[in-house]
Amino acid sequence: MGVLAVYGVKNASTYLYYGLHNMQHRGQEGAGMATFNADGQCLRYRGQGLVNEVFHPENIASLEGEIGLAAVMYANVAKVGLDNVQPLFFHHKSGDFAIASDGRVINAAQVRNYLEKGGTILQTETDAELLAHLIKKNHNEDRIVNIVSALNMMEGGFAFVIMTRNRIYACRDKHGIKPLALGRLGNGYVVASESCSFEIMGADFIRDIEPGEVVTIDEQGLRCRQYSRYKRHRMCAMEYIYFARPDSDIDGCNVHAYRKEAGRRLYRECPADADIVVGVPESSLSAAMGYSEESGIPYEMGLVKHKYVGRTFIQPVQEMRELGVKMKLCPVRSIVKGKKIALVDDSIVRGTTSLKIVKLLRDAGAKEVHVRIASPMMKFPCYYGVDTSTPEELLCSHRTLEEACKAIGADSLGYLSPESTKASCMGCADPCQACFTGEYPTVLYNEDIIKN
Ligand code: AMP
Ligand code: SF4
């Protein structure tokens, strides 16, 4: 999921539209936008589908105001009904407000139980709604105190942005698992899950929001607070590996630079005797470049991506996913025919993509296909909002390297080590790699006890 907010900018909704468009890769199931107009009225429009399917000039123009909040939704539970499309909007006697979130609160079931037992009736399955109620359970006159108290009742990897009629609060989890960047836009400000949205908006990057920090933006400018004394920096490695755009900088590390370094290290750890290096477009191209540079094996465009098909993984049903791979990628027969190929991909989740691509390349005449993955073997689920599938579905949760290689039909298979994954990340000394190592940066909760 992706969140974006602007403050102190004329025609806020137009800027939000362009910025949101650049964060489309963070979620394709739904998009929403809310603004406060000059009369303090909150206006909102949201829908299911892509940003350019939901928004058009008329509804963008109807969202008047100089302060706004927007989000794209990702179906990590294979369902994003319209009710769950953010930002959510709340009426309250102390003032209306809107909230959008990225990531996942891992004690959401406990918080939900606590709220429902106290008589709260919840309308969505979102963490944003839980936060709204927790904030309003506290009755301090100073809103920031209520926000800080509410955040301290939540555990997980999350980024929340709260908008009132004259203020934005940008909050990042105390483990620093989710990214959140701050920028300057004219005389105003912008906050976004990824800095790649700044360029198109004409904004200048200021800095990342710190783990555990709440930044308040209003007429006084910026004010910063730590909502917790506990502070770690465990930025999600999968953001660097796959999720984020290469033109984003996260916690001081450019995503393309990370991937290229991972590709270089991948060659050092898992060299392949190959004629050409082929990357799986788009997210693996940087790693493939690094692999090629380090090995001296020429990089070739052995696969071409059909631009107008969405990311396969995000299609909720397996049959659609499999069809999606075929629709998305075409081998370049004249380039791959008779060649020994080092095929570089960023990750293997279920193995669907790798199996299809190895077959596509062989059918196009490739002599050998050596698959090299620029991340470690994915064996464990993610509890922080990234859909890395259930353990049973993960290719490597129950297979050895040799078995995984056989399952995808490759001549050989190699993965980057967790040590090199860590070392490739110039911005974060110890990123979360729990889906590879099983070492989760937070405590984990048992939801089953609550359900019974
Ligand atoms: P699979 O076919 O299930 O093995 O998916 C692997 C492909 O999906 C890789 O080539 C990645 O580019 C991409 N991918 C990896 N992790 C994710 C994720 N959490 N969400 C969406 N796509 C992903
Ligand atoms: Fe990212 Fe994996 Fe950690 Fe989830 S478990 S936050 S996907 S590194």
Residue, farthest from residue 1 (Cα to Cα), within the stretch 129-158, restricted to residues that are open to solvent by 40 Å² or more (accessible area, probe 1.4 Å) and of a type in the set (Asp, Glu): 141
Only residues in the stretch 369-382 that are of a type in the set (Lys, Arg) count as the first member; pair them with residues that are modelled with pLDDT under 95, Cβ under 8 angstrom, at least 6 apart or cross-chain, and list the lot. 379/391
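Filter the stretch 66-90 down to residues that are open to solvent by 20 Å² or more (accessible area, probe 1.4 Å) and either polar (S, T, N, Q) or at pLDDT 95 or above (or both) and give me whichever is farthest from residue 16 (Cα to Cα). Talk me through it step by step, then tell me what you get.
Of the stretch 66-90, the ones open to solvent by 20 Å² or more (accessible area, probe 1.4 Å) are 66, 76-79, 81-84, 89-90.
Going one step further and asking which of them are either polar (S, T, N, Q) or at pLDDT 95 or above (or both), we end up with 66, 76, 84, 89-90.
On the way: 66: 11, 76: 24, 84: 19, 89: 17, 90: 20 Å.
This residue is 76.
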Exactly one condition in (1) open to solvent by 20 Å² or more (accessible area, probe 1.4 Å); (2) within 24 Å of the chain's Cα centre (by Cα) is not met by residue 119; state its number. (2)
Failed item, numbered, when residue 446 is tested on (1) more than 18 Å from residue 258 (Cβ to Cβ); (2) within 15 Å of ligand 2 (Cβ to nearest atom): (2)
Residue 161 passes all but one of the listed conditions (1) surrounded by 24 or more Cβ atoms within 10 Å (Cβ to Cβ); (2) over 22 Å from residue 11 (Cβ atoms); (3) away from ligand 2 (no atom under 16 Å from the Cβ); (4) among the β-branched types (Val, Ile, Thr); the exception is number (2)
Residues of the stretch 8-39 satisfying the condition of being among the acidic types (Asp, Glu) and either assigned to a strand (DSSP E or B) or modelled with pLDDT of 95 or more (or both): 39
Only residues that are among the hydrophobic types (A, V, I, L, M, F, W, C) and either open to solvent by less than 50 Å² (accessible area, probe 1.4 Å) or touching a helix residue (DSSP H, G or I) at 6+ places or on another chain (Cβ under 6 Å) (or both): list them for the stretch 411-448, please. 413, 416, 423, 425, 428, 432, 434, 435, 436
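Among the residues of the stretch 330-342, is any outside the structural domain of residue 29 (by TED's automatic domain parsing) and within 26 Å of the chain's Cα centre (by Cα)?
We begin by selecting, within the stretch 330-342, every residue outside the structural domain of residue 29 (by TED's automatic domain parsing); these are 330-342.
Next, only the ones that are within 26 Å of the chain's Cα centre (by Cα) stay: none.
No, because not a single residue in the stretch 330-342 is outside the structural domain of residue 29 (by TED's automatic domain parsing) and within 26 Å of the chain's Cα centre (by Cα).
Within the stretch 95-116, how many residues are of a type in the set (Ser, Thr, Tyr) and either more than 24 Å from residue 20 (Cβ to Cβ) or surrounded by fewer than 17 Cβ atoms within 10 Å (Cβ to Cβ) (or both)?
Here is the first cut: in the stretch 95-116, the ones of a type in the set (Ser, Thr, Tyr) are 101, 114.
Now narrow it down to the ones that are either more than 24 Å from residue 20 (Cβ to Cβ) or surrounded by fewer than 17 Cβ atoms within 10 Å (Cβ to Cβ) (or both): 114.
Result for the stretch 95-116: 1.
If I filter the stretch 289-319 down to residues being of a type in the set (A, V, I, L, M) and within 12 Å of ligand 1 (Cβ to nearest atom), which single residue comes out as modelled with the highest pLDDT?
The residue in question is 303.
Residues that are closer than 18 Å to residue 2 by Cα and in contact (Cβ under 8 Å) with a residue 40 or more places away in the chain: find the strands (runs of 3 or more DSSP E) completely inside the stretch 171-234 holding 1 or more of those. First the steps, then the outcome.
Numbers: elements: 181-185, 188-192, 204-208, 213-218, 221-226.
Strands (runs of 3 or more DSSP E) meeting the threshold: 181-185, 188-192, 204-208, 213-218.
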Residues (β-branched (Val, Ile, Thr) and either closer than 26 Å to residue 361 by Cβ or assigned to a loop (DSSP other than H, G, I, E, B) (or both)) located in the stretch 422-452: 442, 443
Looking at (1) modelled with pLDDT under 75; (2) open to solvent by 40 Å² or more (accessible area, probe 1.4 Å), can you tell me which one residue 335 breaks? (1)
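Listed residues 428, 432; which is out of contact with any Leu (no Cβ under 9 Å at 6 or more places or on another chain), within 14 Å of ligand 1 (Cβ to nearest atom) and at negative phi? First the steps, then the outcome.
Details: 428 fails: within 14 Å of ligand 1 (Cβ to nearest atom).
Step by step, each of 428, 432 is checked, and only 432 is out of contact with any Leu (no Cβ under 9 Å at 6 or more places or on another chain), within 14 Å of ligand 1 (Cβ to nearest atom) and at negative phi.
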Within the stretch 369-400, the residues that are more than 13 Å from ligand 1 (Cβ to nearest atom) and open to solvent by less than 60 Å² (accessible area, probe 1.4 Å) are 369, 370, 391
Give the stretch 338-355 a look and list any residue that's more than 21 Å from residue 286 (Cα to Cα) and not small (Gly, Ala, Ser), or say none. 339, 350, 352, 355
Can you work out which of the residues in the stretch 224-240 that are open to solvent by less than 90 Å² (accessible area, probe 1.4 Å) and either touching a Phe, Trp or Tyr at 6+ places or on another chain (Cβ under 9 Å) or within 16 Å of ligand 2 (Cβ to nearest atom) (or both) is nearest to residue 422 (Cα to Cα)? 237
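Here is a check on your reading of the model: is residue 187 open to solvent by 30 Å² or more (accessible area, probe 1.4 Å) and modelled with pLDDT under 95? Before you say what the answer is, go through the steps one by one.
On the way: open to solvent by 30 Å² or more (accessible area, probe 1.4 Å): yes; modelled with pLDDT under 95: no.
Considered against the rule, which asks whether it is open to solvent by 30 Å² or more (accessible area, probe 1.4 Å) and modelled with pLDDT under 95, residue 187 comes out as no.
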Please work out which residue is surrounded by the fewest Cβ atoms within 10 Å (Cβ to Cβ), limiting yourself to the stretch 242-270 and to residues that are over 17 Å from residue 428 (Cβ atoms) and touching a strand residue (DSSP E or B) at 6+ places or on another chain (Cβ under 6 Å). 270
Residues within the stretch 360-381 that are assigned to a loop (DSSP other than H, G, I, E, B) and either within 16 Å of ligand 2 (Cβ to nearest atom) or within 12 Å of residue 408 (Cβ to Cβ) (or both), tallied: 8
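The values are calculated or read from the model by the stated rules, or taken from the named source; none is laboratory data. Only a predicted model underlies this, so the values are computations on that prediction, with no experimental measurement involved. Glycine gets a Cβ as well: all are built from the backbone with ideal geometry, and neighbour counts include every protein chain shown. Surface areas here come from the heavy atoms of the whole protein model, side chains and all, with no ligands, DNA or RNA. Shrake-Rupley method; radii C 1.70, N 1.55, O 1.52, S 1.80 Å.
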